[in-house]
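Note sheet for the following structure.
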Amino acid sequence: MAKEFFKANNVAYTEHDVASDLAQRKEMIEKSGQMGIPVIEIDGQIIIGFDKTRITDLLKIKDWKT
């Protein structure tokens, strides 16, 4: 859902495969305290799960799609 939302709203993002990249998995757990995905970081703010309201607020998207 997050990837589709970002694409629909022309938001550039970097995806990390934490299942296969141990260093990225460790960083995600250190930042979020979580092992579940998605973990989304926007301007230093950590969002656990797909929280559309918080994401649109942080990205200042007024008329979002999907």
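Every number here is computed from the coordinates shown, using simple stated rules; none is lab data. This is a predicted model, so every value here is computed, not measured. Cβ sites come from the backbone with ideal geometry, for glycine too, and all protein chains shown count toward neighbours.
Within region 1-32, restricting attention to residues that are surrounded by 13 or more Cβ atoms within 10 Å (Cβ to Cβ) and small (Gly, Ala, Ser), which residue is farthest from the chain's Cα centre (by Cα)? Across region 1-32, the extreme among qualifying residues is SER32.
Among the residues of region 1-29, which ones are part of a helix (DSSP H, G or I) and touching a residue at least 24 places away in the same chain (Cβ under 8 Å)?
Here is the first cut: in region 1-29, the residues part of a helix (DSSP H, G or I) are 2-8, 22-29.
If the condition is that a residue be part of a helix (DSSP H, G or I) and touching a residue at least 24 places away in the same chain (Cβ under 8 Å), then ALA2, GLU4, PHE5, ALA8 are the ones that fit.
Residue selection: ILE37 satisfies the criterion of being assigned to a loop (DSSP other than H, G, I, E, B), β-branched (Val, Ile, Thr) and free of Cβ contacts under 8 Å to residues at least 24 places away in the same chain.
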